[in-house]
1. Charges on Cβ only, +1 for Lys and Arg, -1 for Asp and Glu, centred on the Cα centroid of the chain; of Ile235, Trp102, Ser62, which one is farthest towards the dipole's positive end?
2. Can you give me the accessible area per residue for segment 7-99, using a 1.4 Å probe, in Å²?
3. With +1 on each Lys and Arg Cβ and -1 on each Asp and Glu Cβ, and nothing else charged, work out how big the dipole of segment 1-105 is about its Cα centre, in Debye to the nearest 20.
4. Explain nothing, just compute: Karplus ³J(HN,Hα) = 6.51 cos²θ - 1.76 cosθ + 1.60, θ = phi - 60°, for every residue of segment 294-311 in order, whole Hz, x for Gly and Pro.
5. At 0.36 nm per residue, minus the direct Cα-Cα distance, what do Lys22 and Ala64 gain on full extension? Give it in nm, one decimal, please.
6. Rolling a 1.4 angstrom probe over the protein heavy atoms, how many square angstrom per residue are accessible across segment 420-503?
7. Quantify, in whole percent, the carbon and sulfur part of the accessible surface of the chain (1.4 Å probe; protein heavy atoms only).
8. If the reach is capped at under 29 angstrom between alpha carbons, list the lysines near Lys371, excluding any in the same chain fewer than eight residues apart.
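The values are calculated or read from the model by the stated rules, or taken from the named source; none is laboratory data. Not measured: the values here are computed from a predicted model. Note: ideal-geometry Cβ built from the backbone for every residue, glycine included; neighbour counts use all protein chains shown. Only protein heavy atoms, including side chains, enter the accessible area calculation; ligands, DNA and RNA are left aside. Shrake-Rupley method; radii C 1.70, N 1.55, O 1.52, S 1.80 Å.
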Amino acid sequence: MRKLIMALDQGTTSSRCILFDKSGNICSMAQKEFTQYYPRPGWVEHNPKEIWSSQLAVAAESMAMIGAGADQVAAIGITNQRETTILWDRNTGEPVYNAVVWQCRRTSDMIEELKKDGFHQIIRQKTGLIPDAYFSATKIAWILEHVPGARERANAGELMFGTVDTWLMWNLTKGEVHATDYTNASRTMLFDIHRLCWDREILARFDIPEAILPKVYPSGYLFGYTSASVLGGRIPIAGAAGDQQAALFGQCCFEQGEVKNTYGTGCFLLMNTGKEAICSDSGLLTTVAAGTSKTPAYALEGSVFVAGAGIQWLRDSMGLLSNAAQSQKYCEKVEDTAGMYIVPAFAGMGAPYWNQYARGTVVGLTRGCAKEHFIRATLEAIAYQTADVLQAMERDSGIHLKSLKVDGGASANDFLMQFQADIVDTQVQRPRCIETTALGAAYLAGLAVGYWKDQEEIKVNWQMGKCFESAMEAGRREALLKGWKRAVRCALAWAKDEDGVSS
Ligand code: ADP
């Protein structure tokens, strides 16, 4: 009987399950969307029970699709939306409140408070994060403070906290395991990434009792076994990692200097920085990379807010495209953007600029600018923003970029990938299998149970789909980048005026 590895991919809008074989091929896949709740402007919630039921349903479905029994599943690996926060009763399993989703901004005020006495510096140094309402800490504090009785129950040891991996593990094992992995812990803003333990000083600051926290282990680790009643047998749960770290692992970026970029709605870039946790001067985050070792590697993380979202904007708001894939054809119809740049700073600019007041800007318009140029400028902007983050990563780490491995929906665009290679002057590698997040979770679990022998064996599975070589003449690259920097200055100048800082 051919054994398989199950990856549970619990995302922000859907739960998915993929069964992989030893070569990393997809044997079956099932997916189910679930409800998003927006109780107030800026608030986002999920129902924890729906997270669990949708995840369980797709797990069972993916097995049924190929007639696989529990004995055919060698191990389960979990990957999940990061930072999303759930508290539940350890005796009944009842959540005390909805899951507060990473996107939820309800605790922004608490972050402002931290800046007043400099505590945000302590957090930055210990957790590698720039304090923000995204991370779990203030979400836990909010639930303890606002849900009637929650504080008392937490103090009495009746409640448990978990990110989504922990919640799924606890349900899969029917309450036997309360655990998480280094990567998920590193996004709570409560975890010291240097000492690899929960930090008492930060816990005290947010008034969070240590007793509600899960135990923390490496990402590839035998956490426990599914209860026999859940999927028809006791299957080892042997992997857990936050989605971006799972993708880094799924791309086999095991070496220092290897980088992956996921081109989705936004872009998520992670660089493996090896044994050193590097503190960034450019506002990048320091985080733990997934692995099977008790002494994990670290990574630098940066993101681009508007990537595929810019293409959606062209399609849905501007009516310039009927689908995203069409953008490639339009870009290839013209030689360049006719001197035009679009800076899609719809909601401010992230690393390395960090300006929340910047707004979208179009510069260099002439009478000759046509729809094709407009579309091309929007796609090029994705590559320029990625180049900015990569440059910051190289500068902060002193590590030269080895390769850029890509995945995500917009990585399917050959024009974008070629322009990316040209503008960064590096080789862009797009693997055949772009389900790298699920694959990463599967690899971690498979390594922990000996399904795969070691990382070398896994590397063999990484197959090139298409490779894009840098082909742009240096002078042209420099001129284009210079123009981009000028365009960004225009977007920032707009913000300055709004701030009343200029003149
Ligand atoms: P997410 O996980 O953030 O929803 P996906 O990885 O599914 O994102 O990618 C979807 C994004 O990629 C959308 O924003 C879409 O506009 C963009 N996209 C998909 N296909 C293409 C394409 N061929 N060219 C350019 N952009 C694309």
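1. Ser62
2. Value for segment 7-99: 38 Å² per residue.
3. 200 debye
4. Ordered by residue, 3J(HN,Hα) equals 6, 10, x, 7, 10, 9, 9, 10, x, 9, 10, 5, 10, 10, x, 4, x, 6 Hz.
5. 13.2 nm
6. Spelled out: the 1.4 Å probe surface of segment 420-503, per residue, equals 53 Å².
7. The computed percentage sits at 49.
8. Result set, ordered by chain and number: Lys329, Lys333, Lys466, Lys482, Lys485.
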